[in-house]
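One structure is given here, and the rest of the page talks about it.
The values are calculated or read from the model by the stated rules, or taken from the named source; none is laboratory data. All values derive from a computational prediction rather than experimental measurement. Neighbour counts run over all protein chains shown; Cβ positions are idealised from the backbone, glycine included. We work out accessible area using only protein heavy atoms, side chains counted, and drop any ligands, DNA or RNA first. Shrake-Rupley method; radii C 1.70, N 1.55, O 1.52, S 1.80 Å.
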Amino acid sequence: MNGKSLARVLARAFVAGVVRLIYRVRALNTANVPAEGGVLMVSNHVTYVDAFMISLACPRPVRFVIIDHFLKVKVFAWFLRLFDAVPISPTRAKEAIRTAADAVKEGSVVCIFPEGQLTRTGMLTELKKGFELIARLAECPVLPVYMDSLWGSIFSFERFRYFNKKPKQFPYPVTVNFGPVIPMENVAGDSVRAAILDLSVDALAARDNFRHSLGSSLLRSLRRGGSKDQFVDLGRQVRAFSARQLGTLAFALARLWRDHWPEEGSRRVGLLLPTGTMSTLFHAAIVLAGRVPVCLPLRLLEMPPAERDALLAGLGITRIVSSRPLFSRNEFPRDGVDFREALARIDPARQLGARVLFRALPVRTLEAMLQLGGGDLESEAAAYLTDSFHLVSRSHRGIIATVEQIDSALVVLPKDKILVQSPFHTPAAQVFGLWHPLLEGSRALYRTPAAMNVELPLVLRDQSPGLVLIDPAMQLELARLQPLPPSNVRVWLDFSESALAPEIAAQLGEEGGAYCHGLAPEPLGLIVSMNTNDPNAMIPQHQPQFGNRRGSLGKILPGFSPRLVISGEATSLFGQGALEIRGGPLSPGWHPAGLSGSFDREGFFNPAPRPDA
């Protein structure tokens, strides 16, 4: 071993030791890395330390393609030469491709980040065509790689900035997933993009956050929450709870119900309440009680009692939590629980005891008291019934995965205020109004039915939400209120089937906000894709990058794999076909999304016009 080789081995060992102090790197499917011979590795690009993550995870030494101007910086030059980086010039494209191809022909594993820049939205950007030319010139296969969880690292653009932020975890968990090699003759932008997105499915499933049940995760999150108002009902009489207050009440109710509700029979408990703090509280309490909350649409109140009871019995729901005044025209269910009466049973002494236990005892002790330990994380944790009476059921892992997917994109910032008026029996409101505030600490502002007489501009002025969830009713209100006064809204999220009129959407973005249309199809019951903020204004000196494209439904969220199908056969992502999805909280296999369209090279999904449109 010559001096340079020894120095390289020692330097690699030193760097690996330092990186392992900061990051906990998990490698998946390393058997897919060819044991010998040249191969071109193609990976997503999230942070300034991606090369270290791949080097630690890969069983073979990796040479990285870098821009040659880094060699002019003395701090980097020695290090890059020591690790045998492959320098290329961005101004001499043909030479750059030849240089990279020659390195592969020498038998090396050469890694290129084909996006050509760090993602500033958390999602995969356009794959430049250079890697295709390198693979053809080198006559080599391509090894797709996906790095998961790095969005959130201090070296990523999460929270709209690099470096200057507090680490979310220490050491920080990262997963690197190696895919099967793609033969040179099959290498193309669509096939490699599909392969990288497909790798995100298993990488998401490997996250450590899926070790706990939904109830255990709620306990941990609500205990971490502070004393500031986090769940707020807007209106003339504001009702507000901090995370600790809501957690204490949910804990007290759960203990009471575990003592009085029999174990036999169905675990499902119906919730027939308007969107707001009470619905959120009782969702949490039912989960902590070891039951499954099923959010019900208020249109059930319009049904004859016998028909409604038969529907609920068919779903295995024998008990519902609701409000007696809602049943003014009908008889309150015999086994129903009025939420006010349930809260009245938590007398001051019981509430004080619950507060002391909830705040003082270790989480594991609380889990033992509520019998939350163990259990199948794939079992049903919560559900909701749509307006068309379609039941959407989610597992413990599925609900947590959905929140994790949202946090893998540039949408919700820590402690964001989210204005929600949509009913909780819709996919978007389930995520942004219910589970994200409960699990991640965002602040939920509920525009309850009692607050609908307050004009939206006044709500925006007084509450200053950063994110507003639009539903069809708000679409009509926005059209009526044009032009809308300036506000501090950063993101207008809309998962309605039809987008806002272009002139209204443009007006919402004039004050620095962004109208972001997304896809949350009822057949799937979850958020599949969304537009986000364009990050260019934050770092104008960087290459342009787009999180938003008018007319599209945004980009597929990390953790999902899409495909387009014609007559049952998969076709190119850049062609036209029926959209199918796998991964995330979905059961194994491909699931129809209920619409057709195509992807552009940057990954935006453009829906085809509906036949009835």
* Asked: Which value, in debye to the nearest 20, describes the size of the charge dipole of the chain about its Cα centre when Lys and Arg Cβ atoms bear +1, Asp and Glu Cβ atoms bear -1, and nothing else is charged?
  -> 2300
* Applying the Karplus parametrisation 6.51 cos²θ - 1.76 cosθ + 1.60 with θ = phi - 60° to the phi angles of the stretch 19-28, what ³J(HN,Hα) value in whole Hz is obtained for each residue in order, glycine and proline being reported as x? -> 5, 5, 5, 9, 10, 10, 8, 10, 9, 10
* Asked: Within the set LYS168/LYS555; LYS166/LYS415; LYS165/LYS555; LYS128/LYS165; LYS128/LYS555, which residue pairs have Cα atoms separated by over 20 Å?
  -> LYS168/LYS555; LYS165/LYS555; LYS128/LYS165
* List the relative contact order of the chain as a percent without decimals, with contacts defined as Cα pairs under 8 Å and 6+ residues apart. => 13
* Counting alpha carbon pairs within less than 8 Å and at least 6 residues apart, what relative contact order, in whole percent, applies to the stretch 477-573? -> 20
* For ARG461 and LEU413 in one chain, what is 0.36 nm times their gap in residues minus the Cα-Cα distance, to one decimal in nm? -> 15.3 nm
* How high is the relative contact order of the stretch 251-358, in percent, counting Cα pairs under 8 Å that sit 6 or more residues apart? -> 32
* Would you please classify the overall shape of the stretch 412-469 from the alpha carbon gyration tensor, given that a ≥ b ≥ c denote the square roots of the eigenvalues, rounded means a/c under 1.5, and beyond that prolate means a/b larger than b/c while oblate covers the rest? => oblate
* Structure fact -> The alpha-carbon center of the stretch 305-337 and that of the stretch 425-483 are separated, in whole Å, by 28
* Structure fact -> Note on the stretch 397-496: C-alpha Rg/Rh, Kirkwood Rh, two decimals, gives 0.96
* What order, most packed first, do the peptides 463-471, 336-344 have when packing is the mean number of other Cβ atoms within 10 Å of each residue? -> 463-471, 336-344
* Top positive-direction residue, dipole computed over the chain with Cβ charges, set SER598, GLY353, ILE66 -> GLY353
* Structure fact -> Expressed in µm² per second, the diffusion coefficient of the stretch 210-326 from the Stokes-Einstein equation, with Rh the Kirkwood radius over alpha carbon pairs, at 4 °C and 1.567 mPa s, is 84
* Asked: With no solvent and one point per C-alpha, what does the Debye sum give as log10 I(q)/I(0) for the stretch 288-342 at q = 0.17, 0.27 Å⁻¹?
  -> -0.54, -1.37
* Asked: When the chain is fully extended, how far beyond the present Cα-Cα distance does ALA570 get from ILE67, taking 0.36 nm per residue of separation?
  -> 177.4 nm
* Structure fact -> the stretch 189-253: spread of alpha-carbon positions along the three principal axes, whole Å, largest first, is 55, 30, 19
* Could you run the Debye sum over the Cα atoms of the stretch 556-613, one equal point scatterer each and no solvent, and tell me log10 of I(q)/I(0) at q = 0.13, 0.19 Å⁻¹, two decimals? => -0.31, -0.66
* **For peptides 295-304, 398-407, sequence by mean Cβ density within 10 Å, most packed first** => 398-407, 295-304
* Return the carbon/sulfur percentage of the accessible area of the stretch 170-274, one whole number, probe 1.4 Å, all protein chains in place. => 47
* Structure fact -> Toy charge model, Lys and Arg Cβ at +1, Asp and Glu Cβ at -1: the stretch 339-386 dipole around Cα centroid in debye, rounded to 20, equals 420
* Gyration tensor over alpha-carbon atoms, the stretch 330-439, equivalent ellipsoid semi-axes in Å -> 27, 23, 17
* Apply the Debye scattering formula to the stretch 245-391, with a single equal point scatterer on each alpha-carbon and no solvent, then give log10 I(q)/I(0) at q = 0.09 Å⁻¹. => -0.29
* Asked: For ARG582 and LYS165, FRET efficiency with R0 = 30 Å and r from the beta-carbon atoms, rounded to 0.05?
  -> 0.35
* Structure fact -> Extend 7 Å from the Cα of HIS542 along its Cα-to-C-beta direction; within the stretch 385-419, residues with backbone N under 18 Å of that point are 407-414
* **Centre separation in Å (Cα based) which lies between the stretch 152-186 and the stretch 366-387** => 30
* Find how much the distance from ALA506 to ARG20 grows on full extension, using 0.36 nm per residue of separation minus their present alpha carbon separation; answer in nm with one decimal. => 170.3 nm
* Step through the residues of the stretch 301-313 one at a time and calculate ³J(HN,Hα) from phi using the Karplus curve (6.51 cos²θ - 1.76 cosθ + 1.60, θ = phi - 60°), rounding each to whole Hz and writing x for Gly and Pro. => 5, 7, 7, x, x, 5, 5, 5, 4, 5, 4, 5, 4
* Three principal axis extents, largest first, for the C-alpha atoms of the stretch 368-417, in Å? -> 36, 34, 18
* Please report Rg over Rh for the stretch 520-596, where both radii come from the alpha carbon positions and Rh follows the Kirkwood definition. => 1.05
* Asked: So what are the three principal axis dimensions of the chain from its Cα atoms, in whole Å, longest to shortest?
  -> 84, 55, 46
* Asked: Based on the Cβ-Cβ distance from ASP338 to ASP600, what FRET efficiency comes out when R0 is 41 Å, to the nearest 0.05?
  -> 0.20
* Would you mind getting the Kirkwood hydrodynamic radius of the stretch 446-602 from its Cα pairs, rounded to one decimal in Å? => 17.3
* Per residue accessible area in Å² of the chain, where ligands, DNA and RNA are left out and the probe is 1.4 Å -> 43
